[in-house]
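Single-structure report; data block below.
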Amino acid sequence: MSMKLSIVPEREVKDPRPLLYFFPNLPAQRYAQLIANFHNDEKLKMAEQIAQVMGGLLVPSCCLHWKFKKRNADRKVQIGYQTYYAVKRDEITANAYQKYLDYVAEIQSGGEAAGSVESVVS
């Protein structure tokens, strides 16, 4: 497959840490949310790299059957409020893999709310 499958959302603000310097009147709640998203994305990238080194995928729990999740509880990774499982491609069913591909397509198309510079400046 030529496209890179990644469940990490592409955000407009890559690293929000310098924003406070450039925008000192930035609301604290907005800054805290941007930082939380940034750290969750970094943890997710790290977990995804570990799963790839093991020869598998990092699949969200919403794409897997409950019996599979129960059998493979030792491969569970919780990042923020989301739970992911490190699985090999041949371990999941075709239906679960299709759900995973749909999830990746939604993330890559911007289906998840991403922090934007316009909303920070406003």
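Relative to the dominant Cα principal axis of the chain, helix 28-53 is inclined by about 30°. The structure shown yields Cα Rg over 2.2 N^0.38 Å, and of the options (1) 1.20; (2) 0.95; (3) 1.00 that calculated value carries the label (1). Using only side-chain charges placed at the Cβ, +1 for Lys and Arg and -1 for Asp and Glu, the dipole size of the chain relative to its Cα centre rounds to 540 debye.
Note on the chain: lysine pairs with Cα distance below 22 Å, sequence gap of 8 or more or different chains, count 24. Remark: Lys99, Lys4 ranked as Lys4, Lys99, counting other beta-carbon atoms within 10 Å and listing the fewest first.
Coordinate-derived values only; no laboratory data. Note that the structure is a prediction, hence the values are computed from the model and not measured. In this analysis, Cβ positions are derived from the backbone assuming ideal geometry, glycine residues included, and neighbour counts consider all displayed protein chains.
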